[in-house]
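One structure below.
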Amino acid sequence: MHLQWIQRYNLLIFDEVDSTNLESKRLALGGAEGNFVIWAKHQTHGKGRYGKTWESLSDNLYLSILLDASTFIQQQTELSFVTALAIYNVVKVKALSHEHKYNIALKWPNDVMVNSSKIAGILLESVKVGAIHHLIIGIGLNVHNHPNDLGRLTTSMSMINNECYDLGEILDLTISSFEYYYTLWRKKGFSYIRKLWLQKIYNPHETMMVSDGHNRISGVFKDIDLNGAIRLQLASGQIYTLSTGEVFICS
Ligand code: BTN
């Protein structure tokens, strides 16, 4: 591991926690200041989006990045796109460099997909303690194993190329990549990240179904707007914009 980022983050390593996001929240509530990377080998209560469970099988990567987001509270959701680009880079460099039959893509709002199967997920949470707004970026990357019972296709890096990985190296590359895109975001803003993200989009210009938690709406993917909301063109020709939700079906 090179760990060049270690000067800017406190690294905490656990054999087992309930959830690295929950551990980050406890740290923040306990008055921790500065940036942290919390890495756990095992999670007993891994959390996914929408209150779902993130099944935490052995030998995968489970980590959270805890940042002081006080200077960018309004923009904090943009970091899910920053993080998705970082994970895309990790999977591409470590698992796909010689594998031309695999297609890696980003799916709104923050999934990383390989050949239509989910390989990683990101869960953003925030907690305010006194005057400090902490942002927690939880990352689950299927390195050696993938769950079978999500009702969705999933895959892992090992599934792609039969390799065994050093999780420490994958952690190192993940945080280095995150730092790269985070720095780009700070220097050039979300419009730049948005362009990079759109170049890696899953099923561009195809019909898809999105859900806002209550209704499902079908339309053709147009793009994401300058706030990261997805824009679909409906059959009526109208543009439908959704800022938080889930893409269900792509055809
Ligand atoms: C999703 O539903 O796609 C988001 C999954 C995020 C899972 C990661 S694993 C590390 C961190 N700790 C958690 O409890 N969840 C996130």
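In segment 1-135, the portion of solvent-accessible area held by carbon and sulfur atoms comes to 49 percent [1.4 Å probe, whole percent, DNA, RNA and ligands not counted].
Once you keep just the Cα pairs under 8 angstrom separated by 6 or more residues, what percentage relative contact order results for segment 72-205?
Numbers: 185 pairs, mean separation 38.5, N = 134.
29 percent.
A run of the chain free of exposed loop cleavage sites, with GluC sites (Glu not before Pro) counted only in DSSP states other than H, G, I, E and B and at most 16 other beta carbons within 10 Å, reaches its longest extent at 34-98. Rounded to the nearest 5, the antiparallel percentage of DSSP beta bridges internal to the chain is 85%. Helices that extend 15 Å or more along their long axis by alpha-carbon positions and average at least 1.0 on the Kyte-Doolittle scale are, among the DSSP H runs of the chain, 78-95.
Over the chain, the alpha carbon radius of gyration divided by the compact-protein estimate 2.2 N^0.38 Å works out to 0.98.
Build a GNM of the chain with springs between Cα atoms under 10 Å: which of Val91, Val127, Val143 gets the top mean-square fluctuation? Residue with maximal mean-square fluctuation among Val91, Val127, Val143: Val127. Normalising the average separation of contacting C-alpha pairs (under 8 angstrom, six or more residues apart) by the number of residues puts the relative contact order of the chain at 17 percent.
Provide Met159, Met208 ordered by accessible surface of protein heavy atoms (probe 1.4 Å), highest first. If you can, show how the numbers build up before the last one.
Values: Met159 120, Met208 10 Å².
In descending accessible area the options line up as Met159, Met208.
What the pair-distance distribution of segment 6-73 shows, using all Cα-Cα distances binned every 5 Å from zero, is 4, 17, 26, 23, 18, 10, 3, 0 percent. Across segment 43-172 the C-alpha pair distances fall into 5 Å bins from zero in the proportions 2, 10, 20, 23, 20, 12, 7, 4, 1, 0, 0 percent.
Between His205 and Thr53, the FRET efficiency from the beta-carbon distance, with R0 = 35 Å, is close to 0.55.
Summary: within the chain, the longest segment free of trypsin sites (Lys or Arg not before Pro) located in DSSP loops with at most 13 other C-beta atoms within 10 Å is 153-251.
Taking Cα centre as origin and charging only the Cβ of basic (Lys, Arg, +1) and acidic (Asp, Glu, -1) residues, the dipole magnitude of the chain rounds to 780 debye. Averaging the Cα positions of each part gives two centres, and for segment 191-251 and segment 154-168 these lie 30 Å apart. One quarter of the convex hull surface built on the alpha carbon atoms of segment 179-251 amounts to 5.3 nm², the projected area averaged over directions.
The values are calculated or read from the model by the stated rules, or taken from the named source; none is laboratory data. Because the structure is a prediction, the values reported are computed rather than measured. Using ideal geometry, Cβ is built from the backbone for each residue, glycine included, and neighbour counts are taken over all protein chains shown. We work out accessible area using only protein heavy atoms, side chains counted, and drop any ligands, DNA or RNA first. Shrake-Rupley method; radii C 1.70, N 1.55, O 1.52, S 1.80 Å.
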